[in-house]
């Protein structure tokens, strides 16, 4: 799926701004043939939850409505016009001038629909019904329940089966873009690098529709100079003396695609891309033939007021903070991030582990891990959950959206699933097969493993290319006891190293809740001193393990979660506060990471 851009043949109408908004109390039916019966407005794109002073709105589970009006310039009316949502969380029914024109389920991937047949001459009314409900068929997974109030009205309730707040709404840009009737639908770019000769072959596949004579593709360098060109929907274009896309040293080419009829260019689109070679060999993660070491974070799209909504200034700030610390990567925990963030990472050389919405795939998820102490523990996850269809859909839509991004180095198929329970392998094997079949660049695949999935109990490690561990020794297990935590960390990593010598190992989560400004001369848990001691302990062990290829801590910044006695205004595991103010440990991590090279470490 192509990201909407303006070209000589395409234009964009951005519908960002104030939209009418109301929650649906399901008392009076909403008539979509009439204007939404409210004068309340909210900003789009953003989550709806934190934009009002109403607790009823913030905590609403159920349906909400958005509405705006727009006009289309006469000069564009003979063009193909497409309405595109960056996302709509979690399910959307879209109406234009009172007519339903599309429906989409899945809150973190884009969808679009052609709108020419539904337009009026002026004052077009766009209405969106959204559901933020989650259950055992959706991704993420939620515990859904219903009751009735004193008046007999349905009261819906979602209890998140995951540790972040269920922000929802039109959280990413909504746009209308134009194309000619004959137009480019999609572009697939697959670079194949010969490191010995410093040349690359770029396989280009162009999908176009309508009447046209030929497809032209030109590859431009970063200065805009043409490097090579060719004709045809399927080509192999050779780049000599290729500039490689490297971590924290990005170089982007542009594939300029044109479709031509009677010698005239009908449609044109420019797709930026990077040329790099990713391999997993002999227990190493190789970037352009050199061992790569992941330094960075698990993260969230989470900021004040915006909630999970698109916030470009914060995206820019976050990447600048990462680079200043010597970090080179993050994981899109626990859902696909905005396309705008992915394009920014391409430009900035930030390596991304791109994760699906498959979080909560464990019906016994909770903070007390003592119940999982026995190696033969199983739960009923794979009997109760019915998420396979949603899981296939998000894999398909994620790879379709992000397949050309140089920054995407690996797909994460799930986060902390019950891979220790019977039925897990049967569930995951076809999903890994699907991802590998769909990705034209054949990137490595993984999932992040929860603590109960050990070298002995995890049923699915054979499916992954990289072992990605979420571990909290010294926090959820043996809280405050860093001596015991060090031994447990070392023992487990050595076991993985011995059992799977050809698989790289990394930590995709590790950390300790830390209240900014809380200090203790005794290094007590929740203090800034304990957080630094914790990371020093983990770093010591990481450096001992030959096949250990990366540390992505949890979390970049404090973030909002549902209410509960385990959380005080959210999760405090950030090394930065939610306002991006550093905690004490940042100085230590910056010293460590700036000394560890991105490439060539642990050769």
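Numbers below:
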{"item": "Pairs, first outside the structural domain of residue 576 (by TED's automatic domain parsing) and more than 24 Å from residue 287 (Cβ to Cβ) in the stretch 540-562, second modelled with pLDDT of 95 or more and crowded, with 22+ Cβ neighbours inside 10 Å, C-beta under 7 Å, six or more apart", "result": "none"}
{"item": "Residues being over 12 Å from the mean Cα position of the chain (by Cα), buried (at least 22 other Cβ atoms within 10 Å of the Cβ) and more than 15 Å from residue 342 (Cα to Cα) - total across the stretch 388-421", "result": "7"}
{"item": "Set 295, 281, 299: member being surrounded by fewer than 19 Cβ atoms within 10 Å (Cβ to Cβ) and modelled with pLDDT of 95 or more", "result": "281"}
{"item": "Which listed residue is assigned to a helix (DSSP H, G or I), free of Cβ contacts under 8 Å to residues at least 60 places away in the same chain, touching a strand residue (DSSP E or B) at 6+ places or on another chain (Cβ under 9 Å) and assigned by TED's automatic domain parsing to the domain that holds residue 348, from 413, 399", "result": "399"}
{"item": "Pick from the stretch 403-460, criterion over 22 Å from residue 389 (Cα atoms) and touching a helix residue (DSSP H, G or I) at 6+ places or on another chain (Cβ under 6 Å), ranking: modelled with the lowest pLDDT", "result": "452"}
{"item": "Residue 106 crowded, with 20+ Cβ neighbours inside 10 Å, on the phi < 0 side of the Ramachandran plot and at pLDDT 95 or above", "result": "no"}
{"item": "Residue list for the stretch 485-524, filter: part of a helix (DSSP H, G or I) and either touching a helix residue (DSSP H, G or I) at 6+ places or on another chain (Cβ under 7 Å) or at positive phi (or both)", "result": "485, 486, 489, 490, 493"}
{"item": "Residue among 37, 45 that is at pLDDT 95 or above and buried (at least 20 other Cβ atoms within 10 Å of the Cβ)", "result": "45"}
{"item": "Any chance residue 602 is over 19 Å from residue 483 (Cα atoms) and outside any loop (DSSP other than H, G, I, E, B)", "result": "no"}
{"item": "Qualifying residue in the stretch 569-586 (condition: assigned by TED's automatic domain parsing to the domain that holds residue 483, under 29 Å from residue 281 (Cα atoms) and either over 20 Å from the mean Cα position of the chain (by Cα) or at pLDDT 95 or above (or both))", "result": "no"}
{"item": "In the stretch 233-270, the residues that are more than 30 Å from residue 285 (Cα to Cα), assigned to a loop (DSSP other than H, G, I, E, B) and within 33 Å of the chain's Cα centre (by Cα)", "result": "233"}
{"item": "Criterion (assigned to a loop (DSSP other than H, G, I, E, B) and within 30 Å of residue 359 (Cβ to Cβ)) met by exactly one of 171, 222", "result": "171"}
{"item": "Any chance residue 316 is under 30 Å from residue 202 (Cβ atoms), surrounded by fewer than 19 Cβ atoms within 10 Å (Cβ to Cβ) and in the same structural domain as residue 588 (by TED's automatic domain parsing)", "result": "yes"}
{"item": "Tally of residues being outside any helix (DSSP H, G or I) and either in contact with a strand residue (DSSP E or B) (Cβ under 9 Å, 6 or more places away or on another chain) or on the phi > 0 side of the Ramachandran plot (or both) across the stretch 463-480", "result": "12"}
{"item": "Tally, over the stretch 311-362, of residues that are in a loop (DSSP other than H, G, I, E, B) and under 30 Å from residue 386 (Cβ atoms)", "result": "13"}
{"item": "Scan of the stretch 271-303 for residues that are part of a loop (DSSP other than H, G, I, E, B) and in contact with a helix residue (DSSP H, G or I) (Cβ under 7 Å, 6 or more places away or on another chain), ordered by number", "result": "274"}
{"item": "Number of positions in the stretch 427-454 that are in a loop (DSSP other than H, G, I, E, B) and surrounded by 18 or more Cβ atoms within 10 Å (Cβ to Cβ)", "result": "8"}
{"item": "Criterion violated by residue 487 - all others in (1) surrounded by 21 or more Cβ atoms within 10 Å (Cβ to Cβ); (2) not assigned by TED's automatic domain parsing to the domain that holds residue 388 satisfied", "result": "(1)"}
{"item": "Filter result for residue 541 (at pLDDT 95 or above, touching a strand residue (DSSP E or B) at 6+ places or on another chain (Cβ under 9 Å) and under 29 Å from residue 291 (Cβ atoms))", "result": "yes"}
{"item": "Top-ranked residue in the stretch 558-568 [being modelled with pLDDT of 95 or more and in a loop (DSSP other than H, G, I, E, B); ranked as surrounded by the most Cβ atoms within 10 Å (Cβ to Cβ)]", "result": "558"}
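The values are calculated or read from the model by the stated rules, or taken from the named source; none is laboratory data. Owing to the predicted nature of the structure, the values given are computational and were not obtained by experimental measurement. Every residue, glycine as well, gets a Cβ built from its backbone with ideal geometry; the counts of neighbours run over all protein chains shown.
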